[in-house]
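What follows is a single structure, written as structure tokens, with notes after it.
Each value in this text was obtained by applying a stated rule to the coordinates, not by laboratory testing. Given the structure is predicted, the values throughout are model-derived calculations rather than measurements. We place every Cβ from the backbone using ideal geometry, glycine too, and count neighbours over all the protein chains shown.
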């Protein structure tokens with residue numbers, strides 16, 4: 001039984017526990033003075049306990065079993081992560097999977113390789129699920145970075161900016177361009193608005209991430225777009241464009 005079906009079973013059990021606790025408590029005669037509330041199991045507590053148990057099973061389950069290949073594990077975990085969109089604890093479920101990935105060096109290397117390898121260099125680890133592995137892989141890098149381990153996200157973004165800036169064909173690939181934007185956005189989420197809101201901090205951010213050295217036109221525009229969208233809500237259009245024009249090594253155009 002894979003992780004998805006285990007979760008479905010646990011959810012059904014939670015529903016049964018909740019209904020049973022309600023029926024039992026409603027039929028139990030009061031042994032307390034009139035006016036005092038009869039204590040009963042909290043449905044929120046039941047769901048919280050169940051969520052903790054599910055996440056514990058997911059993190060333990062998201063590990064390569066003796067008879068399981070890395071490819072099989074990737075496919076099973078991706079299925080769980082995607083299906084979790086329908087779970088009441090979607091955020092906790094995905095965080096548990098990402099935490100398990102972070103503890104497995106081979107898994108993190110596989111995610112990084114899937115993001116950075118191109119064309120014939122890419123293996124068949126994810127196959128038709130490559131886009132899903134790249135997307136959720138970036139979310140895993142973001143999750144790990146928010147826990148204080150940002151070097152994997154930093155190194156991946158730097159390598160992407162360095163390697164793909166040399167290949168114009170990659171910049172024309174909508175999927176890869178989306179990966180690049182997602183990596184930039186993830187790094188900005190970790191850095192925070194204050195680290196990009198003035199000239200000195202923004203130029204330091206661009207230098208540290210390797211984005212200042214990008215010269216491929218489509219990638220340069222992607223950088224402009226993502227940073228603008230991040231700054232716009234607080235700085236406004238005019239100030240955000242002015243800051244980008246002064247900090248980037250090329251002119252930041254209006255959107």
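Give me 243, 115, 229 ranked fewest to most by other Cβ atoms within 10 Å of their Cβ, as a rough exposure proxy. Don't skip to the answer; put the middle values down first.
Values: 243 21, 115 25, 229 14.
With the fewest neighbours first, 243, 115, 229 line up as 229, 243, 115.
Please report the relative contact order for region 131-234, taking Cα pairs under 8 Å with a sequence separation of at least 6, and give it as a percent rounded to a whole number.
Numbers: 88 pairs, mean separation 32.6, N = 104.
Dividing the mean separation by the residue count of region 131-234 yields 31 percent.
As a footprinting exposure proxy, order 95, 128 by other Cβ within 10 Å, with the fewest listed first. Could you put the intermediate results ahead of the total?
Values: 95 19, 128 8.
Ranked by crowding around the Cβ, least crowded first: 128, 95.
Once the piece of chain linking residue 194 and residue 232 is laid out straight, how much longer is it, given 0.36 nm per residue of separation minus the C-alpha distance between them?
On the way: separation 38, 0.36 × 38 = 13.68 nm, distance 1.31 nm.
Contour length minus Cα-Cα distance gives 12.4 nm.
Ranked by Cβ crowding within 10 angstrom, fewest neighbours first, how are 136, 205 ordered?
On the way: 136 21, 205 18.
Least to most surrounded, the residues fall as 205, 136.
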